[in-house]
Amino acid sequence: LRISVPTLVDAWVGRGDRARHDARLRAWATRLLDQAQVALEVEGTFPSGGPFVVMSNHQSMYDIPTMYRIYPHCLRMVAKRELFSIPIWGQALRTAEFIAIDRRNRAAARQSLVLAQKRMADGVHIWISPEGTRSRGREIGAFKRGGFRLAASTHTPILPITIDGTHDVMPRGAWTITPGRSVRVRIHDLVDPRSYGLVGDEHGDGAHGPTPIDSQRLEVLMADVRATIASSLRHDVG
């Protein structure tokens, strides 16, 4: 309520711009991490420019304040549709330009990625967890294709990020936190889908219509990004 209600009030009185949303998100994230006494360590440097398709592993709900505490650009999540059905919070998510995705409905999921594409065209960085849900422990689950298709279709670099330790703060299924834990974030080098020969545009509307994306090359890109993210975890995830 402390973050959702002011967001809705700002929108109602006509002053809810991205800068205010970003400042509120960063303050909210900082407060949550401070309350949990999280010792946060960041390795690597965020690249300038963008926008990028940001991809990270997903250990905990505390991944969210961690990312919004440190990310220097306007960042919006692609999140599961169920969250947008929660009264007040869901309305605030939409107002702040977060993107709902229904992974059980392929047509709706494609429309969500089209919306993400429009956000990026307006300078917004898009954050996607390719696993689609929180992992149990530090292992990384199988990656879904949607975010990679978005990056390839828009010729947008992927920024892989490893988040390690949020599981110790609040593991999946927990209702309480364990304060005083260490969280380490590793920022990796950008990955350009074009270097994999991925130049299709599945959402294109040109004279020849959409261009299919090569599935085999997409799989190689997915495997490389997954391996990059896994490389900075403290335990081997295979």
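Of note:
- Residues with amide H under 5 Å from that of R103, placed H, sequence gap 5 or more: R81
- Charging the Cβ of each Asp and Glu at -1 and of each Lys and Arg at +1, and nothing else, the dipole of the chain about its Cα centre rounds to 660 debye.
- Once backbone amide H atoms are built at 1.01 Å from N, M77 has I99, W127 as its partners under 5 Å, excluding neighbours fewer than 5 places away on the same chain.
- Across region 81-91, computed HN-Hα scalar couplings (Karplus, 6.51 cos²θ - 1.76 cosθ + 1.60, θ = phi - 60°) run 4, 4, 5, 7, 8, 6, x, 6, 4, x, 5 Hz from first to last residue, x flagging Gly and Pro.
- Close amide-amide hydrogen proximity is noted between N57 and I161, I163, each under 5 Å apart and 5 or more residues distant or on a separate chain (H modeled in the peptide plane; Pro and chain starts excluded).
- Gain on full extension, evaluated as 0.36 nm per residue between T133 and V9 minus their Cα-Cα distance, stands at 41.6 nm.
- DSSP H segments from the chain that extend 18 Å or more along their own axis, Cα-based, with Kyte-Doolittle mean of 0.0 or above: 215-230
- If both residues of a DSSP beta bridge must be in the chain, then about 25% of such bridges are antiparallel.
- Using a Förster distance of 25 Å, the FRET efficiency for S215-V114 (Cβ separation, nearest 0.05): 0.80
- Candidates G16, G173, G165: whichever shows maximal mean-square fluctuation once the chain is modelled as a Gaussian network with Cα springs under 10 Å: G173
- Helix-only mean residue ellipticity at 222 nm for the chain, each DSSP H run of n ≥ 4 adding -39500 (n - 2.57), per residue, nearest 500: -11000 deg cm²/dmol
- Full extension of the chain between A39 and E97 gives 17.9 nm of extra length, using 0.36 nm per residue less the Cα-Cα distance.
- Centre separation in Å (Cα based) which lies between region 1-53 and region 109-171: 18 Å
- Compared with the direct C-alpha span, the chain from T178 to R2 gains 61.2 nm at full extension, assuming 0.36 nm per residue.
Laboratory data are not the source of any read-out in this text; all were calculated from the coordinates shown. Source: prediction; values computed, not measured. Glycine gets a Cβ as well: all are built from the backbone with ideal geometry, and neighbour counts include every protein chain shown.
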